[in-house]
1. Where is the GNM fluctuation largest for the chain (alpha-carbon springs, 10 angstrom cutoff): 118, 287, 321?
2. Semi-axes of the equivalent ellipsoid of the chain: what are they in whole Å, largest first, if each equals the square root of 5 times a C-alpha gyration tensor eigenvalue?
3. Round to the nearest 0.05 the FRET efficiency obtained for residue 391 and residue 313 when R0 = 41 Å and r is the Cβ-Cβ distance.
4. What number results when the radius of gyration of region 269-334, computed over Cα atoms, is divided by 2.2 N^0.38 Å?
5. Using r as the Cβ-Cβ distance of residue 279 and residue 332, and R0 as 41 Å, what FRET efficiency do you calculate, to the nearest 0.05?
6. Give me the percent of accessible area attributable to carbon and sulfur for the chain, probe 1.4 angstrom.
7. Taking only the alpha carbons of region 101-190, what extent do you get along each of the three principal axes, in Å, biggest first?
8. Within region 304-342, which residues have the backbone N less than 14 Å from the label spot 7 Å out from residue 414 along Cα→beta-carbon, could you tell me?
Amino acid sequence: MLKKFIPCIYLHKGLAVKDLNTPTQLDETPLALAEKYDNDDCDAIIVFDMSEGDEEHEESLDIIKEICSNVSVPVYGAGNVKRMEDIKKLLYAGCKKACLNFSKQGNIDILQEVSEKFGKDKIVICYTETDKITDHTDSISTYADELVLLNTSEIKKTPELNMPTILSLPDVSLDKLIELLSQPNVSGLTGKAINKNSAEIRGMKKICADHDLAVNRMIPQLKWEDLKKNNDGMVPVVVQDYRTAEVLMVAYFNEESYNKTIESGRMTYFSRSRNELWLKGETSGHFQYVKQLVADCDNDTILAKVKQIGAACHTGSYSCFFNEICAKKYSEKNPQKVLDNVFEVIKDRQVNPRTGSYTNYLFDKGLDKILKKVGEESTEIVIAAKNQNSNELVYEMADFLYHMMVLMAEKNISWEDITDELARR
């Protein structure tokens, strides 16, 4: 079992606050906190919704959706769960898992129902009293994936439970951290202890690894001596946006910068012009957080997939590659780029209508007309699929995708929203 470090965010009136009992506003926004924790190499994030009333709850769900869209780690949604609909809303907002508070009888009652509806792997149980868990051991082991203990006075009882359990702690020493994570059923730590020490998560993971505890950390499969260097003793690095695959820049590693990049999780290069180590973003704040390093077939070039903060280029351009030398017209074949390009045209029609445009005709007629066309095109797909020749099916599928994108634009849904949801499944 991998041991996890899971910071948490407490949402109150649209703001990030200190904890469940202290609604003192923090300096960072909820999204900024989530991105910080993600960049600090956390394994997941728990978001506790402390909202009151339906309007505030919907605002919290929008914030949770924004967080899920902008971090690469799983998000657990917790708080304000009273019925199956609340679990659905959290999962639809992008949460990997949703939490049931077992201090509420209503949540105990719906455990089986929500598990069978959404899957056991989506359900987490939050609790403060171990008796609430032991009274429902069979049901929880059947219908839930993990536990979160919110009461530190109950920690000594966790070995009694034969389920992965995340412990919420106000603070923790390194010795205590190792002691707790060494328990077979303790799957991770969360709470203020992790929040205030999030910048040290990589260091804590190294300490865990030194104590033979399994953690999720970058372990290089190739050592520096396994790579082929150029005449200067360096290896070129091609840097790519991990989401869009756009090439951002080219730089160089020496041995120190290579090891520093893997250790820190931030791209660190060797500057040939300054003859010194160069942490990308150290002065500009435009850091690059490592998602993957891959060597080519000859081990003499590295492809780095990164999360880029701000612009990669010193000119302010997102990518360094913008000076076109020559070009030949061609049809784009990258599926995502084709869909993105068509979608951009559709969105442009919303803002800049054109006379005679069929897209503008649909927007002018409104949602009911768009939905009618989506329904008609989906039926055409079914009919075309019954034919032997696939050409008609391809045509109808393309027609459906176009009308679906019109609906996406009408409802302000992006391709990234959809691809993120598909990636989570």
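1. It is 321.
2. The three semi-axes for the chain are 39, 35, 20 Å.
3. 0.40
4. Dividing the Cα radius of gyration by 2.2 N^0.38 Å gives 1.41.
5. That gives a FRET efficiency of 0.70.
6. On the chain, the fraction of accessible area on carbon and sulfur atoms equals 49 percent.
7. Extents along the principal axes: 41, 21, 20 Å.
8. Flagged as within label range: 308, 310, 340-341.
The values are calculated or read from the model by the stated rules, or taken from the named source; none is laboratory data. Small disclaimer: the values here were computed from a predicted structure and weren't measured. Cβ: placed from backbone, ideal geometry, glycine included. Neighbour counts: every protein chain shown. With ligands, DNA and RNA removed, areas are computed over all heavy atoms of the protein, side chains included. Shrake-Rupley method; radii C 1.70, N 1.55, O 1.52, S 1.80 Å.
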